[in-house]
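Below you'll find the structure, written out as structure tokens, and then a few comments.
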Amino acid sequence: MIQTAQQYKAITERIEELLQDTNNIENKDAKGYIELNILSDLVADYEEQNYPITKPSLTEVVKLRMLELGLNQKLLSELLGVSTSRVSEYLNGKSEPTLKVARKISQKLSIEPSIVLGV
């Protein structure tokens with residue numbers, strides 16, 4: 001079990017060394033393969049405890065989807081049928097979309113309803 005950031009750093013450096021040899025990745029009989037897998041499990045456990053991945057906020061997901069679809073605030077406002085100032089408020093976390101707008105965000109941007117509703 002990794003208990004300190006110093007141990008974590010040392011183990012991740014060792015993992016990087018082991019990854020340099022593809023035999024350690026592909027050959028289950030290699031000594032490095034076993035070490036690599038044990039150390040990787042230790043790192044995964046440490047990261048789950050110390051660096052948990054949180055659910056993204058609606059704002060983060062919408063901004064990402066806008067980037068992916070090449071949308072700016074004006075185009076998004078037209079797509080959702082709301083003003084650009086309202087979109088700006090959503091993106092800055094100053095207000096929450098109504099249920100009607102949340103449904104449009106989910107449908108038009110293909111975002112999971114649970115993310116849009118924050119559940």
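Of all residues being part of a helix (DSSP H, G or I), touching a helix residue (DSSP H, G or I) at 6+ places or on another chain (Cβ under 7 Å) and not basic (K, R) in region 1-18, which is nearest to Y51 (Cα to Cα)? Just the residue, please.
Filtering first and then ranking leaves Y8.
Looking at region 85-119 only, could you name the residues that are assigned to a loop (DSSP other than H, G, I, E, B) and not small (G, A, S)?
The answer is N92, K94, E96, P97, T98, I111, E112, V119.
Does V82 satisfy being buried (at least 16 other Cβ atoms within 10 Å of the Cβ), free of Cβ contacts under 8 Å to residues at least 24 places away in the same chain and in a helix (DSSP H, G or I)?
no
Pick from V82, V43, V62: which is among the β-branched types (V, I, T), farther than 20 Å from E112 by Cα and under 23 Å from the mean Cα position of the chain (by Cα)?
V43
Which members of region 19-58 meet the condition of being closer than 30 Å to S88 by Cα and either of a type in the set (S, T, N, Q) or in a helix (DSSP H, G or I) (or both)?
T54, S57, L58
Return yes when Y51 is touching a residue at least 40 places away in the same chain (Cβ under 8 Å) and among the aromatic types (F, W, Y) and no when it is not.
For Y51, the condition - touching a residue at least 40 places away in the same chain (Cβ under 8 Å) and among the aromatic types (F, W, Y) - is not met.
Computed from the coordinates by the stated procedures, all read-outs in this text should not be read as laboratory data. Worth saying up front: this structure is predicted, and the values here are computed from it rather than measured. When we count neighbours, we look across all protein chains shown, and the Cβ atoms used for this are built from the backbone with ideal geometry, even at glycine.
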